[in-house]
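What follows is one structure encoded as structure tokens, with my remarks underneath.
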Amino acid sequence: MRVTMIGAGYVGLVSGACFADFGHTVTCVDTHEGKIAALKRGEIPIFEPGLDDLVASNVKAERLFFTTSIAEGVADAEAVFIAVGTPSRRGDGHADLSYVHQAARDIANAMSGYTVIVTKSTVPVGTGDEVERIIRETRPDAEFSVVSNPEFLREGAAIIDFKRPDRIVVGTDEERAKEVMTNLYRPLFLNQSPLLFTSRRTAELTKYAANAFLATKITFINEIADLCEKVGGNVQDVARGIGLDNRIGSKFLHAGPGYGGSCFPKDTLALIKTAQDYDAPIRIVETVVSVNDQRKRAMARKVIAALGGSVRGKTVGVLGLTFKPNTDDMRDAPSISIITALQDAGAVIKAHDPEGVEQAKLVLGNVTYVDSPYQAADGADALVIVTEWDAFRALDLKRIQSMMAQPVVVDLRNIYRPDEMTGLGFKYSSVGRGLADA
Ligand SMILES: NC(=O)c1ccc[n+]([C@@H]2O[C@H](COP(=O)([O-])OP(=O)(O)OC[C@H]3O[C@@H](n4cnc5c(N)ncnc54)[C@H](O)[C@@H]3O)[C@@H](O)[C@H]2O)c1
């Protein structure tokens, strides 16, 4: 099939490369000229494990193409995916749909023959209706269907998530569109990924419900972690104790510095706004957002407490900046709030991240970026683990200890064992491993 992705970012590029790998002919269109020029040169503008090889092999096989011209990309396509950004709108937290609406207008002007327009971007309920209206208004003669097909991939594991999803949600009531979507995804349900057909509005809402539920799960265990610290419990044991219950499940029960990233913060906020507009407020998600917002700066207070109540003039080494490992994505990363709060309190920051430094430089000022975890520890009064990159899991702790001005470690991802760390002479604190364990 001939497929076009509008937007060649984390979702559009990964989905496009994976569809090409299934044998479809895919054109990725992006208005960002630098991005398309880089892709044409064989450079991948984002860090996502395995993506470079996947793109290279499908370009070589002449199944994957890049262009800035929407007309060129869309003209012969049977399915056109909208995979542009839907960030929070400045000021009110609603999803900013301007990129989606622009893409709809551009597609309308360029399409020919029956075309299925598929919204893969995360969009509020009713956006499909608006996309349909825009296209109908621009091209009253055109034959098309507008389908919702939200994406559930995770950055850092995006290719495997796209190729082996837990489910594929397709929102449409039109038989013709269902047939196109079924053919597109046939290679996947041969692998037994269920294809779930729903109404368009239901599909749109399903994506927000999924992200809000996961954000709630994280926030729940984070609050249990806080209680563990007060009463002397161990949150990792609690998480295991509840996670082995199939009704609960073990995923997303890792206590930490609060969720961040390109999706959860903006999607929880957008869901709250939609729910309020429809007079069906989702109080539980409202609370999750407020608890999570406060948590990030609270993590900075944890560091300040570990250093005896003041960080003024002290050097804090930070390990990990991206919102999670295996990505270079810095959007709404907890490190931003934590570092800013530490700087507000007078700390000097040295930081290391295996892939995120270029993106971090765009959002964080006054930070000295170093090339290794050891350089971050060198001369530091405290070392804070913010992102659990594998490279931080087996550090030479004796070496770290000998390099630091004070052996203070604040492990916000619980990757080390309290007994081991205190045994090595560190003043060690972590998340939700109470007094007995700290
Ligand atoms: N990143 C994730 O992990 C993830 C997972 C699931 C869903 N989503 C959703 O997918 C959508 C895209 O997210 P992303 O992370 O890939 O965003 P992104 O910012 O990485 O990519 C969006 C791309 O769209 C391009 N673009 C904007 N307007 C355009 C237009 N009119 N024509 C062509 N290109 C245009 C931008 O230049 C950019 O390269 C969002 O709605 C997001 O919520 C993201």
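The values are calculated or read from the model by the stated rules, or taken from the named source; none is laboratory data. Keep in mind that this is a model prediction, so the values were computed, not measured. All Cβ positions, glycine included, derive from the backbone under ideal geometry; neighbour counts span all protein chains shown. The accessibility values were calculated without ligands, DNA or RNA, using every heavy atom of the protein model including side chains. Shrake-Rupley method; radii C 1.70, N 1.55, O 1.52, S 1.80 Å.
Heavy atoms only, 1.4 Å probe, whole protein assembly: order 387, 315 by accessible area, highest first.
Order by accessible area, largest first: 315, 387.
What does DSSP give for segment 34-181 in terms of the percent of beta bridges that are antiparallel, rounded to the nearest 5?
20
If you roll a 1.4 angstrom probe over the protein chains with everything in place, what fraction of the accessible area of segment 48-93 belongs to carbon and sulfur, to the nearest %?
That share works out to 49 percent.
Roughly how many Å² is the accessible area per residue of the chain, as a whole number, for a 1.4 Å probe?
Per-residue accessible area for the chain comes out at 44 Å².
Using modelled backbone amide H atoms (1.01 Å from N, in-plane), which distant-in-sequence or interchain residues come within less than 5 Å of residue 414's amide H?
Correct list: 431.
Can you spot the lysines whose alpha carbon is less than 26 Å from residue 207's alpha carbon? Ignore those fewer than 8 places along the same chain.
Counting by Cα, and skipping residues close in sequence, residue 207 has these lysines nearby: 120, 163, 178, 217, 251, 266, 273, 296, 324.
At a probe size of 1.4 Å, how large is the accessible area of residue 99, to the nearest 10 Å²?
Answer for residue 99: close to 120 Å² accessible.
With every protein chain present, what accessible area does residue 428 have (1.4 Å probe, heavy atoms only), rounded to the nearest 10 Å²?
10
Taking H placed 1.01 Å from N in the peptide plane, check which residues at least 5 places from residue 95 or on another chain put their amide H under 5 Å from its amide H.
HN-HN under 5 Å from residue 95: 89.
Can you give me the % of accessible surface on segment 373-438 that is carbon or sulfur? Probe 1.4 Å, all protein chains present, nothing else counted.
Using a 1.4 Å probe with all protein chains present, segment 373-438 comes out at 48 percent carbon and sulfur.
With θ set to phi - 60° and the Karplus curve 6.51 cos²θ - 1.76 cosθ + 1.60, what are the ³J(HN,Hα) couplings of segment 273-290 in order, to the nearest whole Hz, using x for Gly and Pro?
Once rounded to whole Hz, the list reads 5, 4, 4, 5, 4, 8, 6, 9, x, 9, 4, 4, 6, 4, 5, 4, 4, 6.
Sort 249-258, 4-13 by packing, meaning the average of other beta carbons within 10 Å per residue, with the highest value first. Intermediate results must be reported in sequence, preceding the final value.
On the way: 249-258: 19.6, 4-13: 27.1.
For the peptides 249-258, 4-13, the packing ranking is 4-13, 249-258.
Given labels modelled 7 Å from the Cα in the Cβ direction, how far is it in nm from residue 137 to residue 294?
Result: 4.3 nm between the two label points.
With a 1.4 Å probe and all protein chains in place, put 166, 30, 293 in order of accessible area, largest first.
Highest to lowest solvent-accessible surface, that is 166, 293, 30.
What FRET efficiency comes out for the pair residue 278/residue 160, r = Cβ-Cβ distance, R0 = 30 Å, nearest 0.05?
That pair, residue 278 with residue 160, gives E of 0.25.
Between residue 396 and residue 37, take the C-beta separation as r, use R0 = 51 Å, and let me know the FRET efficiency to the nearest 0.05.
Between residue 396 and residue 37 the formula returns 0.80.
Amide H neighbours of residue 427 under 5 Å, counting only residues 5+ apart in sequence or on other chains, H built in-plane at 1.01 Å?
Residues meeting the criterion, in which the H sits 1.01 Å from N, are 408, 409.
For a protection proxy built on the mean count of beta-carbon atoms within 10 angstrom, sort 297-305, 34-42 highest first, please.
297-305, 34-42
Excluding ligands and nucleic acids, what accessible area in Å² is computed for residue 189 using a 1.4 Å probe, to the nearest 10?
60
What does a probe at residue 1 reach in segment 69-88, counting residues whose amide N is under 17 Å from the point 7 Å along Cα→Cβ?
74-83
Just by accessible area at a 1.4 angstrom probe, what is the order of 398, 207, 314 from largest to smallest?
Values: 398 145, 207 10, 314 50 Å².
The ordering from most to least exposed comes out as 398, 314, 207.
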